[in-house]
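A.B. asks: Below is a structure I'd like to ask you about.
FYI, it's all coordinate maths here, none of it is from the lab. Given the structure is predicted, the values throughout are model-derived calculations rather than measurements. Ideal geometry is used to build each Cβ from the backbone, glycine not excepted, and the neighbour counts take in all protein chains shown.
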Ligand SMILES: Nc1ncnc2c1ncn2[C@@H]1O[C@H](COP(=O)(O)OP(=O)(O)O)[C@@H](O)[C@H]1O
Ligand SMILES: [Mg+2]
């Protein structure tokens, strides 16, 4: 498997003197869906921003082997004055794609996330889950090889969240991007990923790396299997082990 994202000895100190990350080692191969869990403020968003090139590392090496990278934020960050579909179309507009092509690409991504029929709705008319679907559709328009997610389901109610996990897993299989996914939820990380990385408290570094053995697609019922619970328990112990 070729490597989509590599971080070697990556550190980040902000101008304020805050050391957000130190000695981060990370590899995301093509075909990987990697989740990162860690305590609040440990540098997870910073890690993702570095991967996206939105921020520069103070030290270390970052290599991205992807023609296109997408980024999904915790908040859907939609333009309220544009319809749902035209929010998705925005990416093509910014890239200067011809109208017919950007329409068609937006349409395809829109249908893929299950929004068919909601084209003309404005963001405020949509539920939290649907707004997040729009945001994910917008990220898919770029046909990402590397897809970055910063706690995208953190603000959703539990039922919507579980449904979105199954949806995202389906998209991951269908579109075969490499994924790097930040979350607070250990079951979410295990359910979605083939690897789960655990970060220490600030300054963050990777302190544990778990393989998740189950093939995709995974059924929602996997979450109730004893093997699943055993693995979430192990991840949880690694997370807590760092907080004496
Ligand atoms: N632009 C910035 N300038 C200064 N400090 C920052 C900046 N961005 C984040 N930080 C600090 O770096 C640490 C890690 O932040 P962040 O990556 O957002 O953590 P997480 O996403 O894990 O909650 C925090 O202490 C935060 O206050
Ligand atoms: Mg964050």
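A.B. asks: Test of understanding: what is the full-extension gain from residue 227 to residue 175, defined as 0.36 nm times their sequence separation minus their Cα-Cα distance?
C.D. replies: Once the chain is fully extended between residue 227 and residue 175, it gains 15.9 nm.
A.B. asks: Next up: Would you mind getting me the FRET efficiency between residue 62 and residue 82? Use the beta-carbon distance for r and R0 = 35 Å, nearest 0.05.
C.D. replies: Computed FRET efficiency for residue 62 and residue 82: 0.55.
A.B. asks: Hey, what angle do you get for helix 99-112 against the long axis of the chain, alpha-carbon based, 0 to 90 degrees rounded to 10?
C.D. replies: 60 degrees
A.B. asks: Which order results if 223, 124, 102 are arranged by neighbouring Cβ count within 10 Å, fewest first?
C.D. replies: The order, fewest Cβ neighbours first, is 124, 223, 102.
A.B. asks: Can you tell me the FRET efficiency between residue 30 and residue 54 if r is taken as the Cβ-Cβ distance and R0 is 22 Å, rounded to the nearest 0.05?
C.D. replies: So the FRET efficiency works out to roughly 0.50.
A.B. asks: Stretched out fully, how many nm does the piece from residue 74 to residue 95 gain, at 0.36 nm a residue minus the Cα gap?
C.D. replies: Extending this stretch completely gives an extra 5.2 nm.
A.B. asks: Just want to confirm a number: the relative contact order over the range 76-143, from Cα pairs under 8 angstrom separated by 6+ residues, in percent.
C.D. replies: With pairs under 8 Å counted, the relative contact order is 50 percent.
A.B. asks: Report the label-to-label distance for residue 184 and residue 118 in nanometres (one decimal), using points 7 Å from each Cα along the Cα→Cβ vector.
C.D. replies: 2.3 nm
A.B. asks: Right, next: If neighbour count is taken as other Cβ atoms inside 10 Å, put 134, 6 in order from fewest to most.
C.D. replies: 6, 134
A.B. asks: Helix 84-94 versus the longest principal axis of the chain: what angle, 0 to 90°, nearest 10, using Cα atoms?
C.D. replies: So the inclination is approximately 80 degrees.
A.B. asks: Along its three principal axes, how long is the chain when you only count alpha carbons? Whole Å, largest extent first please.
C.D. replies: 53, 44, 35
A.B. asks: Need one number: % antiparallel among DSSP beta bridges in the chain, to the nearest 5.
C.D. replies: Within the chain, antiparallel bridges account for around 50 percent of the total.
A.B. asks: To continue, here is another question. Once the Cα atoms of helix 128-140 and of the chain are each reduced to a long axis, what angle between those two axes, in degrees from 0 to 90 to the nearest 10, is obtained?
C.D. replies: Helix 128-140 sits roughly 90 degrees off the main axis of the chain.
A.B. asks: Then there's this: Could you state the number of Å between the C-alpha centres of the range 135-149 and the range 1-58?
C.D. replies: Using only Cα atoms to place each centre, the spacing works out to 19 Å.
A.B. asks: Separate question: Å³ per residue of the Cα convex hull, for the range 76-143?
C.D. replies: 74 Å³
A.B. asks: Under the 0.36 nm per residue contour assumption, what length would be gained going from the current alpha-carbon distance of residue 14 and residue 103 to full extension?
C.D. replies: Contour length minus the Cα-Cα distance gives 28.0 nm.
A.B. asks: As a test of the formula, what do you get for the chain when each DSSP H run with n ≥ 4 contributes -39,500 (n - 2.57) and the sum is divided by the residue count, at 222 nm and rounded to the nearest 500 deg cm²/dmol?
C.D. replies: Helices in the chain give a 222 nm mean residue ellipticity of -11000 deg cm²/dmol.
A.B. asks: Compute the relative contact order of the chain as a whole-number percentage, counting only Cα pairs closer than 8 Å that sit 6 or more residues apart in sequence.
C.D. replies: Relative contact order of the chain: 27 percent.
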